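Nothing in this text is a laboratory measurement; each read-out follows from the coordinates by a stated rule. Values in this document were obtained by computation on a predicted structure and should not be read as measured data. Please note: Cβ atoms are built from the backbone with ideal geometry, for glycine as well, and neighbour counts cover all protein chains shown.
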Amino acid sequence: MRHQLDAIFKPRSVAVIGATSSAGKIGRETLHNILLAEFNGKVFPVNPKAQVIHSIKAYSTILDVPDAVDLAIVIVPKEYVKDVVAQCGDKGVKGLIVISAGFSEVGPEGKKRETEVLEIVHGYGMRMIGPNCFGVVNTNPEVSLNATFGKVYPRVGRTGFITQSGAMGEAIMNHANELGIGFSYVASIGNKADISSNDILAYLKDDPDTDVILMYLENFGNPLNFTRIAREVSRIKPIVAVKSGRTKLGAKAASSHTGALAGLDVGVDALFEQTGVMRVDTVEELFDVAAALSKQPLPESNRVVVVTNAGGPGILATDALINNGMAMPSLSPQTVTKLRKFVSAEASFSNPMDLVAGAGAEVFKMTLDVVKNDKRYDSIIPIFVPPVTVDQLEVARKIHQSLKDTKKTVLACFMGAGEESEGIEYLKDNNIPVYIFPEAIARTLATISSHKKWLSKPKGKYRNFKVDSDEVRSIIKTALDNGDRALVGDAATAILKAYGIPAAGYTYASNAKEAVTRANKIGYPVVMKVNTPPILHKTELGGVMVDLRTDKEVRDAFNELKKRIGTLKKREKFTVAMQRMISGGIETVMGMTIDPSFGPLVMFGLGGIYVEVMKDVSFKINPLTDEAAKDMIRSIRSYPLLTGFRGAPPVDLATIEETLLRLSQLVSDFDCFAEIDINPFIASPAKEMCKAVDARFIIKECVL
């Protein structure tokens, strides 16, 4: 065998340990499915209490089987699994599927039991799927393995499916059969004690029978490995995933804007976006996208044309497409001229192209013959609502005849045709996906168009800047020695400057007269902030006064801030920090927070005091490439403000990108930061005016 997992997915011999003749038992159903699928290999039932099962000679233990065994399927009570696995090791079995439950999914005792089994598996050099899994399927006629206990055998196809949930696996296979979608492999990984989705992704990458990979995930075992493998696989074969758990609330209390904005699911979105995995919200959307990927080419752009015989569905399609980021250019003048020669004058010669209800099959074909050659579009959506007078099967045939040779993406919609429609079945059989409603097409096109765009992006490079890491190490050590957990003011500024991040410095004053002197020295206008006592979120407590332009305003501001602070602790002396006010730029925010699963997440967005209200931010998993930094900036809704809006000059985007990369390097070099906020960072048209105005670092215990 060329690959370790071949013993599981392409075995030449299978033993079912726990096989039985008792109807309804998992051991019986699994053996029955293997035989029903006409597995191309030897099958050995193992049961100490039976001599014959399913008309096949049974063996007391796997050690009694006279032939070599590639794959053992273990279906015995949990307390016997360890001994059975050890016997498999003695026999020389290469692969295991442990269907038995009662392991890490039930708590600490089960986890201990699972660890003991895994030690035996590794000790013998075996590979294991499970425990607590549904099994695997390989539909290749040269193998024909259905090593599951379900009631469904999938159609033969070129889609691989990985699921953490056995119940979801069977439900999805059943629905796929109804939709005419076939699978190359199905793998239920259960507790993934040994073999995980990462292993199977890597396996399917080089599999000649698989073109598309679908995933149902509940959690990530090793996100770093997933990132590396999925990024590589996505450039060869599209991956579509449903990840459950979007709505669970995180219990972590965040002290930074970055931490507060990083919900539980932000890391998953960032991971999928950076690796090119197409995330969908529902199993229904999973199938919608799978149908398009398995039957049609990826669209070259987001430009779409709709051809319909009903105005209402055309409007629905238009709204859904535009809301999902697709474009619908008007028909070219040349196309309109050709269409007017045979289309009713009552038709709408626009996009959507409404042929009106009386249009028959031949008119549909002639219209599509013209439209498919219009270079303004890369996707075509025929929408047909069957009137009583028109044969929908004939319409389907004409749609196929017209579009079978196009290289453009074709997704059809037959509204009100019924699930038993001959027309729908005809198009599916001829590789044109059919959807009941146009909204599903819009979501699908948006998903696969985004993937096409991701494929066209450069991979990006990691940059390494010359920095003063010793200075940062010294600042962190001093803070830890003093029991400080929040670094602000000069300490925060020093960290930024050590990593080449431009920052506005501070000057300090302990009385009003000194404040005026300092203000005149740095130049008006100035900003004044409370320095002592230390306050993490100064604005929220009224600890900041901005745009002070005269000596009187500075004196009044000092006295007002002192009044707002009130009584100080013993030995505390009220002081303020002052900066030259930077104007003429746009306030942005940069930061970092730790995701418990994915590690450091870097954030960029629209900053200032309303950052948590506007929530116009993007996250990426650290470290960042140069392309990832650009994507972060371009992905926020307010990006047009940065590029020049209504005559305003664009900001220096190169400096913003470099600052994000320097922040990424800082986070990579030190695992001492729990949260980082640089807010605001002024994005200005002038490079020398791009500066961090305020920053705070929340540190944790770490090894320096």
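Looking at the stretch 1-72, the trypsin sites (Lys or Arg not before Pro) that sit in a DSSP loop and have at most 13 other Cβ atoms within 10 Å of their own Cβ are R2, K49. Simple rule: put +1 on each Lys or Arg Cβ and -1 on each Asp or Glu Cβ in the stretch 455-603, find the dipole, and look at T517, A503, L487; the Cα lying farthest toward the positive end is T517.
Cross-link pairs exceeding 25 Å in C-alpha to C-alpha distance, out of K461/K615; K42/K237; K192/K453; K237/K615; K10/K57, comprise K461/K615; K42/K237; K192/K453; K237/K615.
Going from the fewest other Cβ atoms within 10 Å to the most, the residues I172, I213 appear in the order I172, I213. Given the chain, what percent of its DSSP beta bridges are antiparallel, to the nearest 5? If we restrict to bridges inside the chain, about 50 percent are antiparallel.
Length gained on full extension, A171 to N323, computed as 0.36 nm times the residue gap minus the Cα-Cα distance: 51.6 nm. Isolated cysteines in the chain, defined as those with no second cysteine Cβ under 4.7 Å, comprise C88, C133, C413, C690.
With the dipole of the chain worked out from charges on the C-beta (+1 for Lys and Arg, -1 for Asp and Glu) around the Cα centre, which of L331, A270, L321 lies farthest toward the positive end? Checked the options; the winner is A270. Excluding same-chain neighbours fewer than eight residues apart, the lysines reachable from K552 by a Cα-Cα span under 25 Å are K513, K521, K529, K538, K562, K563, K573.
Note on the chain: dipole from Cβ charges, positive end direction compared against Y59, G125, S244; the farthest Cα belongs to S244. For the stretch 615-704, the normalised intensity computed at q = 0.18, 0.24, 0.26 Å⁻¹ comes to -0.88, -1.39, -1.50 (log10 of I(q)/I(0), Debye sum over alpha carbons, equal scatterers, no solvent).
Each Cα pair under 8 Å and six or more residues apart adds its separation to the average, and for the chain the resulting relative contact order is 9 percent. A Cβ-based charge dipole, computed about the Cα centre of the stretch 62-106 with Lys and Arg at +1 and Asp and Glu at -1, lands at about 100 debye. When you filter the chymotrypsin sites (Phe, Trp or Tyr not before Pro) in the stretch 640-683 for DSSP loop state and at most 15 other Cβ atoms inside 10 Å of their Cβ, you are left with F645. Full extension of the chain between N222 and I236 yields a length gain of 2.9 nm, computed as 0.36 nm times the residue separation minus the alpha carbon distance.
Put a plus charge on the Cβ of each Lys and Arg, a minus charge on the Cβ of each Asp and Glu, and nothing anywhere else: the dipole of the chain about its Cα centre is then about 1720 debye.
Would you mind calculating the relative contact order of the stretch 306-456 from Cα pairs under 8 angstrom and at least 6 residues apart, reporting the percent as a whole number? Averaging sequence separation for qualifying contacts and normalising by length gives 27 percent for the stretch 306-456. Per residue of the chain, the DSSP helices (runs of n ≥ 4 H) give a summed -39500 (n - 2.57) that works out to -11500 deg cm²/dmol at 222 nm.
Note on D369 and T282: their simple-model spin labels are 3.9 nm apart, each label 7 Å out from Cα toward Cβ. For the stretch 519-626, applying the loop criterion from DSSP together with a ceiling of 11 other beta carbons within 10 Å to the trypsin sites (Lys or Arg not before Pro) yields K569, K570, R571, K573. What residues from the stretch 283-299 fall in the zone where the backbone N is under 19 Å from a label point 7 Å along the Cα-to-C-beta line of D269? Counting only backbone N, you get 283, 285-286. Take the Cα of V546, go 7 Å toward its beta carbon, and the backbone nitrogen atoms of the stretch 604-644 under 13 Å from that spot belong to 607-611. Under the convention that each Lys and Arg Cβ holds +1 and each Asp and Glu Cβ holds -1, the size of the dipole of the stretch 306-456 around its Cα centre is about 800 debye.
Using the Kirkwood radius over Cα pairs, work out the Stokes-Einstein diffusion coefficient for the chain at 4 °C and 1.567 mPa s, in µm²/s as a whole number. The Stokes-Einstein estimate is 44 µm²/s. Along the chain, the exposed loop sites are GluC sites (Glu not before Pro) outside DSSP states H, G, I, E and B with at most 15 other Cβ atoms within 10 Å, and the longest stretch free of them is 421-571.
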